[in-house]
Amino acid sequence: MSDSPLPLASALHAPVLQWYADNARTLPWREPDAGAWAVMVSEFMLQQTPVARVLPAYRVWMERWPKPADLAAEAPGEAVRAWDRLGYPRRALRLHAAAKAIVDEHGGVVPDSHAALLALPGVGTYTAAAIASFAYGQRHAVVDTNVRRVFARALNGSAQPSISPTAADQRLATAALPEDESTAARWAVATMELGALVCTARTPRCAQCPIQSRCAWVLAGSPPYSGPPRKGQTYEGTDRQVRGRLLAVLRAAPGPVPKSDLDPCWPDPQQRERALDGLVADGLVTPLPHSRYRFPL
């Protein structure tokens, strides 16, 4: 890579932005009138979850809770129930807590300040930048796995980015931003979309890439990945799977569930008890007298 990625990145702006204009998926949170709450809900749901799984849950969620105040007025357990099978259900509790903070501290309006967004429960560096950029058109480096992969290949000439995000990734993405604020906001979502649809992890579609002729990785002959092994996540047989089954039983019940109804969902009692204890510790399930459990109120 050159000492500064900016001259290389500036040559990528126009083709990537044009590609996005021609190929971007039509998604409800990208509609012009979607609003910041729609963007925020989508960003919480899309963490480690593909778009195809998010869309049905997102539509149900936004129909039920079109504004932060609508969600804040409900019990947090209702957010967990509505999260359905999206996975990582603590995100639902954090989104509910963020909605309450938005109502209590910002008059029910998702703040447009990056610092105020960062102060909301469950909102980290990536999510704050994404909301500020996608909802409010601000200039921020929005760095997810897709963006990291695009820049690793196009600017660094590497087959894959580092396994975990680094400060160097953030600096690279910041240096690559267009100077104009609205253009930078479009660039942020365009590079993310390019990584999701074309510059994919396993089978990049280089022939369809608008920057193939400028990509440092392609120009280097597309060398294979040579870093530490990248282990895929497993699900079958894990505590995550057990937690999911326990939550499914609770979702299907209109009220508190006796433990005798939870026991059949997993054959290993030790793992089942560990998973149930973890749900209680995470605030996703509330224990009641007489060995009953319910979602938090």
* Any chance you could tell me what percent of the C-alpha pair distances in the stretch 36-143 go past 18 Å? => 42
* **Separation of alpha-carbon centers, the stretch 230-263 and the stretch 118-155, rounded to whole Å** => 31
* Where the only charges are on Cβ atoms (+1 Lys, Arg; -1 Asp, Glu), what is the dipole of the stretch 17-160 about its Cα centre, to the nearest 20 debye? -> 580
* Roughly how many debye, to the nearest 20, is the charge dipole of the chain about its Cα centre, given +1 on each Lys and Arg Cβ, -1 on each Asp and Glu Cβ, and no other charges? -> 820
* **Accessible surface of the chain [probe 1.4 Å, protein heavy atoms]: carbon and sulfur percent** => 54
* To the nearest 0.05, what FRET efficiency results for ASP268 and ARG53 with a Förster distance of 22 Å applied to their C-beta separation? -> 0.25
* Asked: Could you sort VAL249, VAL150 by accessible area so the largest value comes first, with the probe set to 1.4 Å?
  -> VAL249, VAL150
* Crossing angle, helix 125-134 versus the chain [Cα axis fit, 0-90 degrees, rounded to tens] -> 70
* Taking the Cα centre of the stretch 40-91 as the origin, how large is its charge dipole in debye, to the nearest 20, when only Lys and Arg (+1) and Asp and Glu (-1) carry charge on their Cβ atoms? -> 160
* Which of the aspartates and glutamates could a cross-linker bridge to LYS100, judged by Cα under 15 Å and excluding same-chain residues fewer than eight apart? -> ASP70, GLU74, GLU78
* Structure fact -> Under a 1.4 Å probe, counting only protein heavy atoms, LEU177 has an accessible area in Å², nearest 10, of 10
* Put +1 on the Cβ of each Lys and Arg and -1 on the Cβ of each Asp and Glu in the stretch 195-297; which of TYR235, GLY283, VAL249 then has its Cα farthest toward the positive end of the dipole? -> TYR235
* Find out how many positive minus negative residues lie around ARG90, taking Lys and Arg as positive, Asp and Glu as negative, among other residues whose Cβ is under 11 Å from that of ARG90. => +2
* Give the ranking of THR145, THR191, THR166 by solvent-accessible surface, highest area first, calculated with a 1.4 Å probe. => THR145, THR166, THR191
* Structure fact -> Length gained, ASP277-ILE163, 0.36 nm per residue minus C-alpha separation, equals 38.0 nm
* To do: Determine ³J(HN,Hα), in whole Hz, for all residues of the stretch 163-175 in sequence, where each value follows from phi through the Karplus function 6.51 cos²θ - 1.76 cosθ + 1.60 and θ = phi - 60°; x replaces Gly and Pro.
  => 4, 10, x, 10, 4, 5, 4, 5, 5, 4, 5, 5, 5
* With all protein chains present and a 1.4 Å probe, how do TYR136, TYR126, TYR58 order by accessible area, largest first? -> TYR136, TYR126, TYR58
* Give the calculated FRET efficiency between ALA115 and ASP70 to the nearest 0.05, with a Förster radius of 25 Å applied to their Cβ-Cβ distance. => 0.45
* What does the charge add up to near PRO287, with Lys and Arg as +1, Asp and Glu as -1, over the other residues with Cβ less than 11 Å from its Cβ? -> +2
* For the chain, would you read off the P(r) tail past 33 Å as a percentage of all alpha carbon pairs? => 33
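The values are calculated or read from the model by the stated rules, or taken from the named source; none is laboratory data. All figures in this text were calculated on a predicted structure; none of them were measured in a lab. Don't worry about glycine lacking a Cβ; one is built from the backbone with ideal geometry, like all the others, and counts go over all protein chains shown. Each accessible area value is taken on the protein alone, full model and side chains, heavy atoms only, with ligands, DNA and RNA left out. Shrake-Rupley method; radii C 1.70, N 1.55, O 1.52, S 1.80 Å.
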